[in-house]
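The values are calculated or read from the model by the stated rules, or taken from the named source; none is laboratory data. Remember, it's a predicted structure, so these values are computed and weren't measured experimentally. Using ideal geometry, Cβ is built from the backbone for each residue, glycine included, and neighbour counts are taken over all protein chains shown.
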Amino acid sequence: MSDYKTLMLSDRAEDIETAAELLRNGEVVAIPTETVYGLAADAMNEHAVEKIFEAKGRPSDNPLIVHISDIKMLSQLVSEIPANALRCAEKFWPGPLTMVMPKGDKVPSVTSGGLETVGVRFPSHKTAQKIISACGRPLAAPSANISGSPSPTTAKHVLDDMNERIPAIVDGGDCDVGVESTVICFEGEAIRLLRPGFVSVQQLREITENVIIDKGVLESIGEAERAKSPGMKYKHYSPKAQVYIIKGDTESIDKYFSAYAEDGDIAVLSGDQEISCDIPVIHYGSSSEEQAHRLFSVLRRCDELSAVRVFVQCPDTEGVGLAVYNRLLRAAAFRIIEL
Ligand code: TXA
Ligand code: MG
C-alpha cells in the first residue's frame, strides 16, 4: 500500500479539475454522492480499479457500481438495456438507483467482480456529475469506507478510513440520503430488489407490480449460497461494538435497560423515543428519511463512545425504512432481541 499524502479538495472548479486529472491518470479519488461517499477510479482502467480494492481491503469477487453523468454513457457499459431499465432510468435517474444489466465487452472483469453483469448508476449529486464529466469516463465507485465498516456520509468519515491510502478526497458536504443506492436487476417482466435504498419498493411497483424482494435483503446469506448480490454475504456496516436490534414497546425496553444501568460500556440508539435509564441514548431520527440520513454517523459515534454493546431500537420498515433495517441487520450480524 502506497503512503499517500491525502489532499482534501473542495468542490470548486479548479479542485474538480485536479480530481479529474488524478482519475484520468489512473488514481483513486473519494467523491461525494447523494447517498454516501464513493471511492472512485476509471471504470475502464483495470489497474486503476485494482487500486480501489487495495485501498478498501475489499474481496475481489464483490463487484463495483459504475457511475455515469449522462445517459449516453450507458451504451458503452452494457450489452442490453431491458425495457424496465429504460422506464426506471426515466423515472429515477439521476438518483439513488443502481441497475444491474448484462455487461458490455469493454468493461474489465475486475470492475464487475468477475460477473457477466454490471451495476450502473447516474448520481444526482452535482459535484459527482461534474467530476465524471470533467474526467470524461465512467467511474467505478464502492462506498469509501474500509471494507466492513459503516459507509461514510461526510468527508471527515472518509479521511478517518482512507488517510494516506488514497491521493485525494473531494469534500462535497454531508450526503443527503445517507444510505447507499437501491440495487435492482431485471428478470423478464420482473424487477428483483437486491439492496433496498432511498428508491423504495412502493416506487418500483409504479414501474411493474412484479417486484421481487431478494432473500438476501432480510436474511443472512451463508458462504455456501450464491448471493445474487455478492456484497450481501459479507459482514457490513459494523462499528467496533457488538450491535443488537431490539424489538419491543417502550415499557419493556425501559425495563430491559434498567438491568444495564450500572454497565458503563453500552449505548442505545433510539428513533426519537425517550428511554428512562442512565445509559447513553443516541437519537437517530423520528422519520425513516432522518434515520437513513443519520444511521452511519451514529454507528461511527458508537466507536467514539467506546461502547462495547450497542442496542438499536428496531426501525419502521416502510419506504426507505427497509434500507435502514437492512443495514442494521448486517451491522448486528442478525442478532435480534424480541422482548
Ligand atoms: O450509493 C451507492 O450505491 C454507493 C455510491 C458511492 O454510489 N456505492 C456503493 O457501492 O454502495 P458498494 O460497492 O459499497 O455496494 C455495491 C453493491 C454491492 O452489494 C454489490 O454486491 C452490488 O452492489 N453489485 C454491484 N454490481 C453488481 C452486479 N453486477 N450484480 C449484483 N450485485 C452487484
Ligand atoms: Mg459498501
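Say whether the condition of being in a strand (DSSP E or B), under 13 Å from the mean Cα position of the chain (by Cα), under 17 Å from Ala323 (Cα atoms) and among the polar types (S, T, N, Q) is met by at least one residue in the range 171-182. Don't jump to the end; show me each part of the working.
Here is the first cut: in the range 171-182, the ones in a strand (DSSP E or B) are 182.
With the extra rule that they be under 13 Å from the mean Cα position of the chain (by Cα), the set shrinks to 182.
From what is left, the residues that are under 17 Å from Ala323 (Cα atoms) are 182.
Filter once more, keeping what is among the polar types (S, T, N, Q): 182.
Checked against the condition, which is being in a strand (DSSP E or B), under 13 Å from the mean Cα position of the chain (by Cα), under 17 Å from Ala323 (Cα atoms) and among the polar types (S, T, N, Q), the range 171-182 yields at least one hit.
So that you can scan it fast, the table gives a plain yes or no per residue for (1) touching a Leu at 6+ places or on another chain (Cβ under 7 Å); (2) more than 16 Å from ligand 1 (Cβ to nearest atom); (3) among the hydrophobic types (A, V, I, L, M, F, W, C):
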site	(1), (2), (3)
Pro138	yes, no, no
Ile146	no, no, yes
Thr153	no, no, no
Gly172	no, no, no
Ala190	no, no, yes
Leu194	no, no, yes
Val199	yes, no, yes
Ile213	yes, no, yes
_From the options Cys314, Cys302, residue that is farther than 22 Å from Asp161 by Cα and either buried (at least 18 other Cβ atoms within 10 Å of the Cβ) or touching a residue at least 24 places away in the same chain (Cβ under 8 Å) (or both)_ = Cys314
*Selected residue (criterion: farthest from Ile71 (Cα to Cα)) from residues of the range 105-124 that are within 11 Å of ligand 1 (Cβ to nearest atom) and aliphatic (A, V, I, L, M)*: Leu115
*Looking at the range 32-54, is at least one residue under 18 Å from Val118 (Cβ atoms), charged (D, E, K, R) and under 17 Å from the mean Cα position of the chain (by Cα)?*
no
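Scan the range 1-34 for residues that are in contact with a strand residue (DSSP E or B) (Cβ under 8 Å, 6 or more places away or on another chain) and not hydrophobic (A, V, I, L, M, F, W, C) and report the count. Steps first, please.
Quick first cut of the range 1-34, residues in contact with a strand residue (DSSP E or B) (Cβ under 8 Å, 6 or more places away or on another chain) only: 6-11, 15-16, 18-19, 22-24, 26-33.
From what's left, not hydrophobic (A, V, I, L, M, F, W, C): 6, 10-11, 15, 18, 24, 26-27, 32-33.
Summing the residues that are in contact with a strand residue (DSSP E or B) (Cβ under 8 Å, 6 or more places away or on another chain) and not hydrophobic (A, V, I, L, M, F, W, C) in the range 1-34 gives 10.
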*For Val66, work out the one condition from (1) assigned to a loop (DSSP other than H, G, I, E, B); (2) in contact with a Ser or Thr (Cβ under 9 Å, 6 or more places away or on another chain); (3) closer than 24 Å to Val211 by Cβ it doesn't fulfil.*
(1)
*Need at least 1 residues that are within 16 Å of ligand 2 (Cβ to nearest atom) and on the phi < 0 side of the Ramachandran plot per element, so show me which strands (runs of 3 or more DSSP E) inside the range 1-55 make the cut, counting only ones lying wholly within it.*
29-31, 38-42
*When the range 22-74 is examined, which residues are found to be of a type in the set (Ser, Thr, Tyr) and at pLDDT below 95?*
Ser60
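Do you know which residues across the range 179-197 are within 30 Å of Arg300 (Cα to Cα) and away from ligand 2 (no atom under 16 Å from the Cβ)?
Ile184, Leu193
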*Options Pro96, Pro32, Pro102, Pro63; residue that is surrounded by fewer than 20 Cβ atoms within 10 Å (Cβ to Cβ) and either within 12 Å of ligand 1 (Cβ to nearest atom) or over 16 Å from Ser133 (Cα atoms) (or both)*: Pro102
